[in-house]
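One structure below.
The values are calculated or read from the model by the stated rules, or taken from the named source; none is laboratory data. Worth saying up front: this structure is predicted, and the values here are computed from it rather than measured. Positions of Cβ are backbone-derived with ideal geometry, glycine not excepted, and every protein chain shown enters the neighbour counts. When the accessible area is computed, the model is the full protein with side chains, heavy atoms only, and any ligands, DNA or RNA have been set aside. Shrake-Rupley method; radii C 1.70, N 1.55, O 1.52, S 1.80 Å.
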Amino acid sequence: QLVESGGGLVQAGGSLRLSCAASGRTVSAYCGGWFRQAPGKEREFVAAIRWSVGATYYTDSDSVKGRFTISRDSAKNTVYLQMNSLKPEDTAVYYCAAGPYCVRNPTDYNYWGQGTQVTVSS
């Protein structure tokens, strides 16, 4: 089970930290990912992290480069997404996911959280 938290309403230029707490199974063999979905758009890969070694992967898009950072706390079974310098175009529902591989295709992730809304006002 994956439970996200940390979403909310923030002004442009602000920051949020999303959390994704995993329970019910050992996560060390998995990859934890963050996706987002804006209204009328497809679910978009944002970042992923390999639990066991902490290797990180980010979208090739320039949309979040240098602003978003994924990390994990193994002791807490939690993955984080630190989002800085937020822009209105970052507004979306953010989902965490877990799967065997750190890939960009959402269909390759087996477990999903319920999503948390992030709204950035201009």
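Observations, loosely collected:
- Solvent-accessible surface (1.4 angstrom probe) belonging to residue 122, in square angstrom, nearest 10: 130
- Among the trypsin sites (Lys or Arg not before Pro) in the stretch 20-122, those placed in a DSSP loop whose Cβ has at most 11 other Cβ atoms within 10 Å are 41, 65.
- Taking only the C-alpha atoms of the stretch 27-122, the Rg (one decimal) and the largest Cα-Cα distance, Dmax (whole number), read 12.7, 40 Å.
- Using the Cβ of residue 120 as centre and a radius below 9 Å, the other residues enclosed give a net charge of -1, where K and R count +1 and D and E count -1.
- Taken per residue, the accessible surface of the chain reaches 50 Å², heavy atoms only and a 1.4 Å probe.
- Angstrom value of the Kirkwood radius, inverse mean 1/r, which spans all Cα pairs in the stretch 82-122: 11.8
- For the stretch 78-84, 3J(HN,Hα) per residue [Karplus equation, 6.51 cos²θ - 1.76 cosθ + 1.60, θ = phi - 60°, Hz, x = Gly/Pro]: 10, 10, 10, 10, 8, 10, 10
- With a Förster radius of 25 Å applied to the beta-carbon distance between residue 5 and residue 55, the computed FRET efficiency rounds to 0.55.
- Bridgeable aspartates and glutamates around residue 41 (alpha carbons under 15 Å apart, same-chain partners fewer than 8 residues away excluded): 89, 90.
- Carbon + sulfur, % of accessible area of the chain - ligands and nucleic acids excluded, 1.4 Å: 48
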